[in-house]
Amino acid sequence: MSMKILLVYPEYPDTFWSFKYALKFIAKKAAFPPLGLLTVAALLPDHWEKKLVDMNVEKLSDEHIDWADLVFLGAMIVQADSAREVVRRCGAAGKKIVAGGPLFTTQYRKFTEIDHFVLNEAETTLPSFLADLAKGSPGRVYASELKPDISATPVPLWSLINMKNYATMPVQYSRGCPYNCEFCDIVIMNGRIPRTKTPGQMVREFQALFDAGWRKSVFIVDDNFIGNKGKVKQVLPLLAEWQKKHKYPFALLTEASIDLAKDGELMQMMSKANFFKVFVGLESPNTESLQECGKHQNTSGDLSAAVDVIHRNGMQVMGGFIVGFDHDPENIFDMQMKFIQEVGIVTAMVGLLTALPQTRLWHRLKAEGRLLGDASGENTDGFLNFQPLMDRELLLNGYRRLLERIYSQKYYYQRINTFLKSYRPTVRGRITGEDIKALLRSVWQLGVKSGARFRYWKLITKTLLFKRKAIPTAVELAIYGLHFEQILKRLDNSARNQ
């Protein structure tokens, strides 16, 4: 049996992490391709025909739908509206849909019109679906709590995409996180025991990207890259050796917990492997709020000092912050602003607390009668789906003012300068044509047309004089500032009008 499989990735709204406005500087259409669907494609029979439509880079045409025998749909919560439109169109065309991913794993009962659900991790549930399909009797829901050994997971099917459309390529090393923060859905999806790929497997994944022609940044998309430090320290030397052998084609970024700052050896190993960014969930400078949500790893030391030491080891900290905890004082907005500015976290994602489906927070708020509705999946849109203990208007208005201050040109450029003081760039690699184009576009957009031109030229001049190796970083951050300004303009008015 041979089949034609259309894999569809729905469209994202404009979000903090979409970097839609910044992507124009490097002529890219999306930040990342859909790693999950590319991996699912590699798990399907080799002799099946496969096409992938990422609606963030191209339109889903009627011809695409007509071609397919089956449509595989993968989505996250924030893509729900676009996913529903895909379901409507495919249903109207008489095509059966197989759906999976975070959106459907926690909310599949809301999508009654979808034919089949392959939930949780595809390595566990997809084989059962394929076996039943081959017998002509596929079921509706395939789910499993078993956590697969991902050392057997195949390399994503990169041939299905045009890499030129994307700014960064994603790779996964591990799944799961040893921590259990109340608001986080990672434990629901991937468990608390980190499962890892083998060192040799990771080298093969890097080589596959290299052989496909990729030469730029690679995002290791783990829930917590350092969740198993012992195994990470086994893989990093091999990645560093591979990078050196290939003249450092990849600049790496990832997500990690703040205890990274306590392990000097680990930070040095990551720098040698060419890591230059790490996203850390810092959440709050208020200790009571951290204790409330179970973020105990953030309470055992000085958060400011931890961020500083990561910067000094050549990695820029991108920080996640939350307001709306039950233990937040009324001056939490000033506390957040002061911390973010003083530490110099330029890329600061500040969101309202959100009760994601089936999390510990979701269950607690539901039991307390405080859950108001579904999560939007985008925690910087000013949408509250629960009743906070703080006065609602005080929280929403304080949040809005905090965003306006953080993303204002004045404070944003202050943070860039604070960050550059402690940052010691170690990333290696060649300046590409894309880099030159981005620089030239930034000169025109930010150095000539923008109201921030004085701050832009002051930043570039100062960086050239005192930290020349950081020029690419300074230019990139200035461009991101424009994106954040645009995102602020389109944020849902619910932060003011709810």
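The values are calculated or read from the model by the stated rules, or taken from the named source; none is laboratory data. Here the structure is a predicted model, which means the values were calculated and not measured. All Cβ positions, even for glycine, are placed from backbone atoms using ideal geometry, and neighbour counts span all protein chains on display.
Some observations on this one:
- Residue in the range 336-347 that is without any contact (Cβ under 8 Å) to a residue 40 or more places away in the chain and either under 23 Å from the mean Cα position of the chain (by Cα) or more than 30 Å from residue 429 (Cβ to Cβ) (or both) present: no
- Only one of 6, 37 that is in a strand (DSSP E or B) and at pLDDT 95 or above: 6
- Residue in the range 364-371 that is under 30 Å from residue 75 (Cα atoms), of a type outside the set (A, V, I, L, M, F, W, C), modelled with pLDDT of 95 or more and in contact with a strand residue (DSSP E or B) (Cβ under 6 Å, 6 or more places away or on another chain) present: yes
- Some residue of the range 228-242 being part of a loop (DSSP other than H, G, I, E, B), among the basic types (Lys, Arg), farther than 28 Å from residue 284 by Cα and over 19 Å from the mean Cα position of the chain (by Cα): no
- Tallying residues that are of a type in the set (Val, Ile, Thr) and in contact with a strand residue (DSSP E or B) (Cβ under 9 Å, 6 or more places away or on another chain) within the range 187-201 yields 1.
- Considering 86, 98, the condition of being part of a helix (DSSP H, G or I), crowded, with 22+ Cβ neighbours inside 10 Å and over 21 Å from the mean Cα position of the chain (by Cα) is satisfied by 86 alone.
- Per-region count, the range 169-182, residues on the phi < 0 side of the Ramachandran plot and within 16 Å of the chain's Cα centre (by Cα): 8
Yes/no per residue for (1) within 28 Å of residue 252 (Cα to Cα); (2) crowded, with 21+ Cβ neighbours inside 10 Å:
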{"position": "378", "(1), (2)": "yes, yes"}
{"position": "383", "(1), (2)": "no, yes"}
{"position": "387", "(1), (2)": "no, no"}
{"position": "393", "(1), (2)": "no, no"}
{"position": "411", "(1), (2)": "yes, no"}
{"position": "414", "(1), (2)": "yes, no"}
{"position": "422", "(1), (2)": "yes, no"}
{"position": "431", "(1), (2)": "yes, no"}
{"position": "435", "(1), (2)": "yes, no"}
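- Scanning the range 444-459 for residues that are surrounded by 16 or more Cβ atoms within 10 Å (Cβ to Cβ) and aliphatic (A, V, I, L, M), we see that the one that is nearest to residue 247 (Cα to Cα) is 459.
- The range 204-223, residues that are outside any loop (DSSP other than H, G, I, E, B), of a type in the set (A, V, I, L, M) and over 15 Å from residue 161 (Cβ atoms): 220
- Scanning the range 7-53 for residues that are among the aliphatic types (A, V, I, L, M) and closer than 18 Å to residue 486 by Cα yields 22, 23, 26, 27, 30, 31.
- Test result for residue 69, in contact (Cβ under 8 Å) with a residue 40 or more places away in the chain and within 30 Å of residue 481 (Cβ to Cβ): no
- Sole residue being surrounded by fewer than 17 Cβ atoms within 10 Å (Cβ to Cβ), of a type in the set (D, E, K, R) and within 19 Å of residue 427 (Cβ to Cβ), chosen from 241, 255: 241
- In the range 22-34, the residue that is modelled with the lowest pLDDT out of those that are in contact with a Leu (Cβ under 9 Å, 6 or more places away or on another chain) and buried (at least 18 other Cβ atoms within 10 Å of the Cβ) is 22.
- Selection of the range 40-64 for residues being under 13 Å from residue 10 (Cα atoms) and part of a strand (DSSP E or B) yields 52, 53, 54.
- Of all residues in the range 310-345, those being farther than 23 Å from residue 396 by Cα, surrounded by 17 or more Cβ atoms within 10 Å (Cβ to Cβ) and out of contact with any strand residue (DSSP E or B) (no Cβ under 6 Å at 6 or more places or on another chain) number 5.
- In this entry, residue 103 passes the filter for residues that are within 18 Å of the chain's Cα centre (by Cα), surrounded by 19 or more Cβ atoms within 10 Å (Cβ to Cβ) and outside the structural domain of residue 212 (by TED's automatic domain parsing).
- Listed by first and then second residue, the pairs linking a residue in the range 22-44 that is more than 27 Å from residue 100 (Cα to Cα) and touching a residue at least 40 places away in the same chain (Cβ under 8 Å) to a residue that is part of a helix (DSSP H, G or I) and β-branched (Val, Ile, Thr), with Cβ atoms under 6 Å apart and 6 or more places separating them unless they lie on different chains, are 22/479; 25/479.
- Single unsatisfied condition, residue 298 versus (1) out of contact with any strand residue (DSSP E or B) (no Cβ under 7 Å at 6 or more places or on another chain); (2) crowded, with 19+ Cβ neighbours inside 10 Å: (1)
- Taken together, the residues in the range 361-376 that are under 22 Å from residue 191 (Cα atoms) and surrounded by fewer than 19 Cβ atoms within 10 Å (Cβ to Cβ) amount to 2.
- Matching residues, the range 247-292, being within 19 Å of residue 346 (Cβ to Cβ) and part of a loop (DSSP other than H, G, I, E, B): 256, 284, 285
- Residues in the range 267-280 that are surrounded by fewer than 22 Cβ atoms within 10 Å (Cβ to Cβ) and closer than 23 Å to residue 187 by Cβ: 279 only.
- Criterion violated by residue 75 - all others in (1) of a type outside the set (Asp, Glu); (2) modelled with pLDDT of 95 or more; (3) crowded, with 22+ Cβ neighbours inside 10 Å; (4) under 30 Å from residue 437 (Cα atoms) satisfied: (4)
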